[in-house]
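The values are calculated or read from the model by the stated rules, or taken from the named source; none is laboratory data. Keep in mind the model is a prediction, meaning the values are calculated, not measured. Glycine also receives a Cβ, built like all others from the backbone with ideal geometry; neighbour counts cover every protein chain displayed. Protein only, heavy atoms only, side chains kept; ligands, DNA and RNA dropped before computing areas. Shrake-Rupley method; radii C 1.70, N 1.55, O 1.52, S 1.80 Å.
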Amino acid sequence: GVTRLLLTRIPFFREIIVSSFACDSCSWSNTEIQSAGRIQEQGVRYTLAVTSRQDMNREVVKTDCATARIPELDFEIPAFTQKGVLTTIEGIIDRAVAGLEQDQPVRRATDEEVANKIEDFIGKLKQLKEVQSPFTFILDDPSGNSFVENPHAPQRDEALAVTRYRRSLEQAALLGLELDEKPADSTEDLRNEVLQFNTNCPECNAPASTNMKLVQIPHFKEVIIMATNCDSCGHRTNEVKSGGAIEPQGTRITLRITDPSDMTRDILKSETCSVEIPELEFELGMGALGGKFTTLEGLLKDIRELVERNPFTLGDSSTPSKTEKLQEFIGKLQEVKGKTSAHFIMDDPAGNSYLQNVYAPEEDPELRVERYERTFEQNEDLGLNDMRTEGYEQEGAPGR
């Protein structure tokens, strides 16, 4: 036979995969559904008061891990006894009737009393389809991927109650999830969450918000990325802070730029890092441009904008000679972007800067990373000479 797959979206719900199988030899056909999304954070329970024939036509997505119940008949379809299906309330009852009738001939031959009881129960199920009296239909899915149609959407349906709940350990085990009984580590939650705090725009001083996220850089360490976006003036800025301590040694990273693809290398430039391009006789001091997490091309673009915004090269403060030198430097900076071989050097006494090794974990022939002992002056700039991390409690106790 042939199985056809269709990726579709149910309005006010989510995407599902509908699979349909048909056999030309025996004319047998079957339709199943699978959720196209992940298991939801919470389980869901739909409680529908069926009062009319129109309610029997409501669409239902029932996954294989969902349980369907009709309390008035003490009837239940347990989880994992049926494949996932896209049907209606009436269709679920028809499937239940077909399943019960399937083994009736065998039951009549072996245990007629049981067969008669099941026959009576099947008659009660068929009577439900006529809705001669109201009944309750409950669909409980711990995965959160089942659905009962609300024909009044987006307005509220008075006959339909939707309840979200936290899964139990047994339900999580049935879904193949591992849940730790210990309380969640708040530190891990913060690592996966984007934090937001209020601030003011550095350009127009209007109220703005800053987003902060802890990011793990492969083959390096954790950093904190902060981004501010002002809705009033459109100003956008981002800054990077090191998420770890100052390293025991300083780091000097030298990259020989030989190919335009080098411009796409990721760069983490901390606030304590200085940048040097010997071929252009250019040096960017520690603290300039702040912390940046960008690419090599992005950093060169920021350097160009920093040079162009120099107030002594603009307006009445500029001179023809300074302007010519500025344009000459910008031209050479443009040539560095893959057209001219040059060396790009990052010197960070704190050891918190990074330049991507595209051959990782193998050696990069164009990249050299050197570790060195900091000088007294460098430790002084970093505030390490007067920093005491051990023994300060004993010294401070007598003076209290």
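Confirm whether Ile10 is open to solvent by less than 30 Å² (accessible area, probe 1.4 Å) and at pLDDT below 90. In short, yes. Here the strands (runs of 3 or more DSSP E) wholly within the range 191-258 that include at least 1 residues being modelled with pLDDT of 85 or more and in contact with a strand residue (DSSP E or B) (Cβ under 9 Å, 6 or more places away or on another chain) are 195-200, 207-216, 222-229, 250-257. Residues that are of a type in the set (Ser, Thr, Tyr) and outside any helix (DSSP H, G or I) were ranked within the range 261-303; the one that is surrounded by the most Cβ atoms within 10 Å (Cβ to Cβ) is Ser270. Taken over the range 84-130, residues that are more than 20 Å from Asn57 (Cα to Cα) and of a type in the set (Lys, Arg) amount to 3. All conditions in (1) outside the structural domain of Arg4 (by the TED database); (2) surrounded by fewer than 16 Cβ atoms within 10 Å (Cβ to Cβ) hold for Trp28, with the sole exception of (1).
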